[in-house]
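First the structure, in the form of structure tokens, and then the observations on it.
Nothing in this text is a laboratory measurement; each read-out follows from the coordinates by a stated rule. Keep in mind the model is a prediction, meaning the values are calculated, not measured.
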Amino acid sequence: MTGFAFADTPKPPYFAVIFSSRRTGRDDVGYADMAAKMDALAKTMPGYLGIETIRSREGATITVSYWTDEQAIRNWRTNAEHRLAQDKGKTMWYEHYELRIAKVERAYGGPPAPIKD
């Protein structure tokens, strides 16, 4: 799989916001532009830890963003620019979506990542 990057998260506990969506297929360019803007904006938010996204050819996406605490998530949810993107998503881009928030209490991975030169 190309283009997928794992988030570099700290030792738990921290929080995950899991956003699963199915796109309408409308305004692909506008959606891509807004997604890039929201990615850049999220990185500036206090408490942001990282993001992982996987997309299917059929328009389904699962995005998991990681945050230090629930207050950081609330601040992201209520950010004015993010609110505009949410509204556009509800009216134009998403056929359906589900949002879940979870506390990560344990995390591990493997095998070890290759060493980069």
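Remarks
- With contacts taken as Cα pairs under 8 Å at a separation of at least 6 residues, the chain carries a relative contact order of 43 percent.
- Multiplying the residue separation of I54 and E105 by 0.36 nm and removing their Cα-Cα distance gives an extension gain of 16.1 nm.
- Kirkwood-Stokes translational diffusion coefficient of the chain, alpha-carbon pairs, 37 °C, 0.692 mPa s, µm²/s: 213
- Spatially proximal lysines relative to K88 (Cα-Cα < 29 Å; intrachain offsets below 8 disregarded): K37, K43, K103
- Along segment 85-100 the Karplus relation, 6.51 cos²θ - 1.76 cosθ + 1.60 evaluated at θ = phi - 60°, assigns HN-Hα couplings of 5, 4, 4, 5, x, 5, 8, 10, 8, 10, 6, 7, 8, 10, 10, 10 Hz to successive residues, with x for each Gly and Pro.
- The phi-based Karplus calculation (6.51 cos²θ - 1.76 cosθ + 1.60; θ = phi - 60°) puts the 3J(HN,Hα) values of segment 102-108 at 9, 8, 8, 9, 9, 8, 7 Hz, whole numbers, x for Gly and Pro.
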